[in-house]
Amino acid sequence: MSDTDPPNSELTVRLAPSVGSFGREEWNALDKTGNPFVSHEFLTAMEDSGSVGEGTGWDPVPIVITDDAGQLLAAMPSYAKGHSQGEYVFDHSWADALHRAGGQYYPKLQIAAPFTPASGPRLLLSDDALAPHLLKGAEAVCLQNNLSSAHATFIDPAQVQLFEAGDWLIRNDIQFHWLNRDYDSFDGFLGALTSRKRKDLRKERAKAVEGLRIERLQGGDIKPEHWDAFWIFYQDTGARKWGTPYLTREAFTLLGERMGDQMILILAFDGDTPIAGALNFIGSEALYGRYWGCTQDVRFLHFELCYYQAIDIAIELGLPRVEAGAQGGHKLARGYEPVQTHSAHWLADPGFRAAVSGFLEREREGIATDQLYLDDRTPFKTKN
């Protein structure tokens, strides 16, 4: 792939071979939000473990802006993609439509945290004034390298306006997030629910852990044998949901080494045998539930490890919310509320852009209607 032309004589917009080609401190200095999934540690763990790169359909092509001294001023975690797997914002119908019209949708440019449907900044900026240059750089990369389009997924809501100003198309969807309304304990949260729901959740928690031991592990307490067990859980879930797990076994080792203090691994033991686990990442503004799996089917254990334990942790850490991943309407009954998520899309072909724009306008109306419907069905005593 070729670089773009610099926006002026002092700045250079270019493609870098990898996030790992930059130092940890200079890359991380660009993100002021503390989001774990755009960190140097997370993105290089994906690269170094082979979870992205050759043979995966996720080829790292970070787009960066440097000054005339070579200092990193802005960056996009970007990937050249030959498919739409691992994104959680579904565009398969777009690819099919362009193919039927005689066009070619792949390869495309994906601006994302790989395999991670969690909101976060997609423009890493030392100065917001650099955003237009970074977006124009992404467009130029597409045009110069015959990519059909660029897609930034799960954008931090604060950055949506930057993409809108660049004339990118905005797409909305709904996830279910738990919102911390200054609860002092899980019982404090339960107190905000209707009596019936409060009883249901207490029964679920008690039933889920009957005869089991639950452990939370963080940092150096997560040993290789814990990752070995969790890898088995993750493979089972990945095989059922995606056909092939996205992350390699090495990815978990590297994540543990580089981000152990930002991760909480929750394991359920039957005696001395781990039978299920859930992995969470700690950000400055949220707890992110990412991976789950089991080797025994225990009723309600998924809800306990992935949702209720996450609420406990968020309250203990004073975090404003829990993002528990994509989809899952069953989260609604467990106190997770509908929240709109955002992506942005740039399409090279004007006719295709017009068609997608019309589709998105209709889709947004449906999303807004769905949100109103779901808002009225939360388990809280009164509307928050």
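The values are calculated or read from the model by the stated rules, or taken from the named source; none is laboratory data. Because the structure is predicted, anything quoted here is derived from the model rather than measured. Cβ placement follows ideal geometry from the backbone for every residue including glycine, while neighbour counts extend to all protein chains displayed. These accessible areas exclude ligands, DNA and RNA; they are computed on the full protein's heavy atoms, side chains included. Shrake-Rupley method; radii C 1.70, N 1.55, O 1.52, S 1.80 Å.
Quick one: which residue in LEU332, LEU317, LEU301 is open to solvent by less than 10 Å² (accessible area, probe 1.4 Å) and in contact (Cβ under 8 Å) with a residue 24 or more places away in the chain?
So the residue among LEU332, LEU317, LEU301 that is open to solvent by less than 10 Å² (accessible area, probe 1.4 Å) and in contact (Cβ under 8 Å) with a residue 24 or more places away in the chain is LEU301.
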Residue pairs qualifying under the 6 Å Cβ cut-off, at least six apart or on distinct chains, with the first in region 284-297 being among the small types (Gly, Ala, Ser) and the second being modelled with pLDDT of 95 or more, are ALA286/LEU319; ALA286/ARG321; ALA286/GLU323; GLY289/ASN280; GLY289/CYS306; GLY289/ALA310
For region 117-131 the number of residues that are touching a residue at least 40 places away in the same chain (Cβ under 8 Å), farther than 11 Å from VAL64 by Cα and open to solvent by 10 Å² or more (accessible area, probe 1.4 Å) is 3
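Residues checked against (1) touching a helix residue (DSSP H, G or I) at 6+ places or on another chain (Cβ under 7 Å); (2) free of Cβ contacts under 8 Å to residues at least 24 places away in the same chain:
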{"site": "ASP156", "(1), (2)": "no, no"}
{"site": "ASN172", "(1), (2)": "yes, no"}
{"site": "THR194", "(1), (2)": "no, no"}
{"site": "ARG198", "(1), (2)": "yes, yes"}
{"site": "GLU210", "(1), (2)": "no, yes"}
{"site": "GLU215", "(1), (2)": "no, no"}
{"site": "ILE232", "(1), (2)": "no, no"}
{"site": "THR248", "(1), (2)": "no, no"}
{"site": "ALA251", "(1), (2)": "yes, no"}
Within region 232-286, of all residues that are at pLDDT 95 or above and aromatic (Phe, Trp, Tyr), the one most open to solvent (accessible area, probe 1.4 Å) is PHE269
Residue in region 211-221 that is assigned to a strand (DSSP E or B), touching a Leu at 6+ places or on another chain (Cβ under 6 Å) and either modelled with pLDDT under 95 or open to solvent by less than 20 Å² (accessible area, probe 1.4 Å) (or both) present
yes
| query | Quick one: would you say PHE176 is aromatic (Phe, Trp, Tyr), under 26 Å from PHE380 (Cβ atoms) and in contact with an Asp or Glu (Cβ under 7 Å, 6 or more places away or on another chain)? | reply | yes
